[in-house]
Amino acid sequence: MRHRVTVKKFNKTSAHKKAMFNNMITSLLKYEKIETTKEKGRALKQLADKLIYRAKVDNVHNRRVVSKYIKDKAILAKLFKDIAPKYANKNGGFVRKILSYKRFGDGADMCIVMLCDSDGSSANKTEAK
C-alpha cells in the first residue's frame, strides 16, 4: 500500500531520474522555457522553485547545494547573477506551468514550463491569437 508515499518514480531508476531532472533544470534555466509532459513539468516546477529560492541568497553553502543539480558553471552563474536577483521581493511562484496539448503518439498531456517575470507575468511573451 502506498500510504502517504509521495515519490514519483516515472518508471526510471533513481540515477536516471536524477540525471533527467538535472538536465531539465539546466535546460529550463538556459532557455527559460521548455516543453515536457504534465507530470514531469509538475516535478520540475517544484524543484526549480526550490533552487531559485535557494539562489536568492548568494553564499558558499547555497552555491554548493544548487551545484548538486546544475553542473554547468555558466548556467549556475546565470542563476545566481541574473535570474535570482529578479525575484528578490518574491517568496515563491518563480516558475509557471501551462498545459498545452495532448501528444499525438501516445496521448500524453504536454505542458510548457517557463520562468515568470518578477511582476508575475511569463518571461517569454506569447502573442494572442
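Annotations
- Candidates are the residues of segment 37-49 that are surrounded by 14 or more Cβ atoms within 10 Å (Cβ to Cβ) and of a type in the set (D, E, K, R); the one that is farthest from ILE98 (Cα to Cα) is ASP49.
- Filtered residues of segment 1-36 (kept if closer than 21 Å to ALA108 by Cβ, of a type in the set (Val, Ile, Thr) and either surrounded by 15 or more Cβ atoms within 10 Å (Cβ to Cβ) or in contact with a helix residue (DSSP H, G or I) (Cβ under 7 Å, 6 or more places away or on another chain) (or both)): ILE25, ILE34, THR36
- Hey, ALA55 in contact with a helix residue (DSSP H, G or I) (Cβ under 7 Å, 6 or more places away or on another chain) and at pLDDT below 95 or not: yes
- Number of positions in segment 64-84 that are out of contact with any Asp or Glu (no Cβ under 9 Å at 6 or more places or on another chain), closer than 24 Å to GLY41 by Cα and free of Cβ contacts under 8 Å to residues at least 40 places away in the same chain: 9
- When segment 86-102 is limited to residues that are hydroxyl-bearing (Ser, Thr, Tyr) and surrounded by fewer than 17 Cβ atoms within 10 Å (Cβ to Cβ), the one that is nearest to the chain's Cα centre (by Cα) turns out to be SER100.
- Screening segment 28-114 for helices (runs of 4 or more DSSP H) wholly inside it with 2 or more residues that are in contact with a Leu (Cβ under 9 Å, 6 or more places away or on another chain), over 20 Å from LYS17 (Cα atoms) and not β-branched (Val, Ile, Thr) returns the ranges 73-78.
- Taken over segment 1-27, the criterion of being of a type in the set (D, E, K, R) and assigned to a loop (DSSP other than H, G, I, E, B) is satisfied by ARG2, ARG4, LYS8, LYS9, LYS12.
- Residue that is nearest to MET24 (Cα to Cα), among those in segment 85-101 that are aliphatic (A, V, I, L, M) and in contact (Cβ under 8 Å) with a residue 60 or more places away in the chain: VAL95
- Residue pairs meeting the criteria (Cβ under 6 Å; at least 6 apart or on separate chains; first modelled with pLDDT of 85 or more, in segment 1-25; second among the small types (Gly, Ala, Ser)): ILE25/ALA48
The values are calculated or read from the model by the stated rules, or taken from the named source; none is laboratory data. These figures come from a predicted structure and were not determined experimentally. Every residue, glycine among them, receives a Cβ derived from its backbone with ideal geometry; neighbour counts consider all protein chains shown.
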